Amino acid sequence: MTNQFLTLPDDERLRIAWPTANHSLFDAPEKFFARIRVNSDYGKPGWTRDCGKRFHRGCDIAPVKVTATGRTTRVIFTNCATNTDFESDEPTFVPLDDVFCVFDGTVAEVVADENVSDFGKHVVIEHAWPLGGAKFFTLYAHLSEAPSVTVSSRILQGAKVGRMGQTSRSADARNWMAIAPHLHFEVRDTDGRSYDPVEFLKRFLPPGP
């Protein structure tokens, strides 16, 4: 697994759709990324996990609509300044946002059983750069339900992929998603190497609201 992002193609000029109803990336980025109380970089790509020790290939997009469960779950936070851990009981939420395909493509992978992947229930869509023709892939992870799309089917930009959820084979990941629900979104090349998903969104989303 690479620990740096690929450079996006200089000459491509595609226009994509938002992957969720959260359109605050440009105007209020603090509302775009999933956040936890201690690590303000939690949902961002790059060296943002475990106090900068673990590389995060995706971006975690926060939901616009959630339901509070009225319950709490216990997590262990790390104070990165002192490298000390402390426990905290945090409120939990369930996300309600739908998830959308960002660009025309073909469904390459559908995983409907959360127990087989750290990404839980997820979808991978194959696309082609309009000018160069090379393939690239987008990943939509931790969905709440078995996706309705099927492998090898065509899917259009803006079409519903599924609904944001909190699925993963990792109990620890599910626990963190209970306090910071999100869509984990990635962009990869044919070799599985990652582009910076935030740079992808910033460059290819249409200007304006």
| request: May I ask you to verify whether residue 171 is among the aliphatic types (A, V, I, L, M) and touching a Gly at 6+ places or on another chain (Cβ under 9 Å)? | output: no
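Return the residue satisfying two criteria in turn: it lies in the range 178-209 and is among the aliphatic types (A, V, I, L, M) and closer than 15 Å to residue 122 by Cα, and of such residues it is surrounded by the fewest Cβ atoms within 10 Å (Cβ to Cβ). Don't jump to the end; show me each part of the working.
First pass over the range 178-209, keeping only residues among the aliphatic types (A, V, I, L, M): 178-180, 183, 187, 198, 201, 205.
Among the residues that remain, those that are also closer than 15 Å to residue 122 by Cα are: 183, 187.
Working: 183: 31, 187: 28.
Ranking the qualifying residues of the range 178-209, first place goes to 187.
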How many residues of the range 11-41 are in contact (Cβ under 8 Å) with a residue 24 or more places away in the chain and closer than 19 Å to residue 177 by Cβ? The answer is 13
For residue 174, the lone unmet condition from (1) touching an Asp or Glu at 6+ places or on another chain (Cβ under 6 Å); (2) closer than 30 Å to residue 71 by Cβ; (3) outside any strand (DSSP E or B) is (1)
Counting only residues in the range 11-22 that are over 14 Å from the mean Cα position of the chain (by Cα) and closer than 17 Å to residue 201 by Cβ, the one surrounded by the fewest Cβ atoms within 10 Å (Cβ to Cβ) is identified as 13
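Each reported figure results from applying straightforward, stated rules to the coordinates on display, with no laboratory input. In this text the structure is predicted, and so the values were computed from the model without any measurement. Note: ideal-geometry Cβ built from the backbone for every residue, glycine included; neighbour counts use all protein chains shown.
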